[in-house]
Amino acid sequence: MTEARSGAWSAPPTTQRRVRRILRKFDPWTVMKVSAVLSALAALGLVLLSVMLWAVISRLGLVAAFDEAAARVALIDPDESLFKTGGDYLRGMILLAASWMAGTTATLTVGAVLYNLLADLVGGIEFTVLEEVPVDTSARHAPGGRSIPGGM
């Protein structure tokens, strides 16, 4: 069976060449937008995870056990509770997630600005990549390196 009949597809022949790339600049506006979106997704995941954790902890009755242990080591008065309601816990987690999101976004944006300033001084980060280039096999070459017209 031939390759055309069997449905197998072969990639065209390629060769690799090394290419030097230099990372000179990050756009701070783009860094801020991308980090805000990714931080918001992570914060949402943190809030959802904490809601599920609260549901498990309250169903198992561990809230009362935490309050009892805290009262024993004199962190709280015996008639008080560490977690008054699930709503207080949820508000605290939302506040924590929002502050983490804002802090992460601000840190990454300031980091992009600082990188741009330092890259102006030192030239950026240079790295080498391998780039695949297709090989032209349709033209036959003469011994001198020139193509023969008509492919012969």
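Values in this text are rule-based calculations from the coordinates and carry no lab data. No experiment lies behind these values; they were computed from the predicted model shown. No Cβ is skipped: glycine too gets one built from the backbone with ideal geometry, and neighbour counts run over all protein chains shown.
All Cα-Cα separations within region 15-133 were binned at 5 Å from zero, giving a P(r) of 2, 10, 12, 11, 11, 10, 9, 8, 7, 6, 6, 5, 2, 1, 0, 0, each value a whole percent of the pairs.
As an exercise, use a Förster radius of 25 Å and the Cβ-Cβ distance of ALA119 and ALA42 to find the FRET efficiency, rounded to the nearest 0.05. Numbers along the way, then the final one.
Numbers: r = 27 Å, r/R0 = 1.09.
For ALA119 and ALA42, the calculated efficiency is 0.35.
Inter-label distance, VAL34 to ASP88: 4.2 nm, where each label sits 7 Å from its Cα along the C-beta direction. Evaluate E = 1/(1 + (r/R0)^6) for ALA74 and LEU95, where r is the Cβ-Cβ distance and R0 equals 35 Å; express this FRET efficiency to the nearest 0.05. Efficiency, rounded to the nearest 0.05: 0.85.
Extension gain for the segment MET52 to ARG21, taken as residue separation times 0.36 nm less the Cα-Cα distance, is 6.6 nm to one decimal.
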